[in-house]
1. Please work out the Cα center distance from the range 101-130 to the range 25-59, rounded to the nearest Å.
2. Of Leu108, Thr42, Ala9, which is farthest along the charge dipole of the range 5-140 in the positive direction, counting Lys and Arg as +1 and Asp and Glu as -1 at C-beta?
3. In vacuo Debye scattering of the range 20-88, one point per C-alpha: log10 I(q)/I(0) at q = 0.12, 0.17 Å⁻¹?
4. With +1 on each Lys and Arg Cβ and -1 on each Asp and Glu Cβ, how big is the dipole of the chain about its Cα centre, in debye rounded to the nearest 20?
5. At 24 Å minimum axial length over the Cα atoms and a Kyte-Doolittle cut of 0.0, report the qualifying DSSP H helices in the chain, or say none.
6. So for Thr37, Thr98, fewest C-beta neighbours within 10 Å to most, what's the order?
7. In whole percent, what relative contact order does the chain give with Cα contacts below 8 Å and a gap of six or more residues?
8. Can you run phi through the Karplus equation (6.51, -1.76, 1.60; θ = phi - 60°) for the range 77-89 and list ³J(HN,Hα) in whole Hz, with x for Gly and Pro?
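Nothing in this text is a laboratory measurement; each read-out follows from the coordinates by a stated rule. Treat the numbers as computed from the prediction; the structure is a model and nothing was measured. Cβ atoms come from the backbone with ideal geometry, glycine included; neighbour counts cover every protein chain shown.
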Amino acid sequence: RRLPAHCTAVGKMLLSGLPDAELAERYRGIDRLPALTANSITELDALRRELAAIRRRGVAYDNCESNADARCVAAPIHDHRGQLVAAMSISFPIVRDTPERFRELARLVRVGAGELSRRLGYRGTVVDPERVLESPPWHRGDAAREGR
């Protein structure tokens, strides 16, 4: 089953690597993005804000946006030219999500993506997997955002 990129952590990570002009072209003429769940991003401005946050964080989240019972965290994979070519993710059921578990899964996916990037010849800086991420919105209590 093919899912809309804006509803998945991997898809949002890949979208975050696109130049603004290419992103605008991909979504030209689209007023509202399709939703898979009540948490799916449905407005382009909200998607643009999310992509900017992903670029700052170095990881992408799916907060029950493609499956109401699962969350996901994804990290970028770069090739020898430094291009974002793929993403690696870990999905987990919301019933097993705790701040500690989330941090560990985010660390693991960053380690894996960094290792794969190095194997592809990437020599740039990878996201430090030991760097503590800010808590995701659902652990801070501000998961509800405009455009969702």
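1. About 24 Å separates the Cα centre of the range 101-130 from the one of the range 25-59.
2. Leu108
3. -0.38, -0.76
4. Numbers: 25 positive and 20 negative charges, 66 e Å.
In debye, rounded to 20, the chain gives about 320.
5. Numbers: long enough: 99-119 (30 Å, -0.69).
Span-like helices, by this rule, are absent here.
6. Details: Thr37 16, Thr98 9.
Placing the least packed residue first, the sequence is Thr98, Thr37.
7. Working: 235 pairs, mean separation 34.6, N = 148.
Result for the chain is 23 percent.
8. Per-residue couplings from phi come out as 10, 10, 9, 5, 8, x, 7, 6, 10, 6, 9, 10, 9 Hz.
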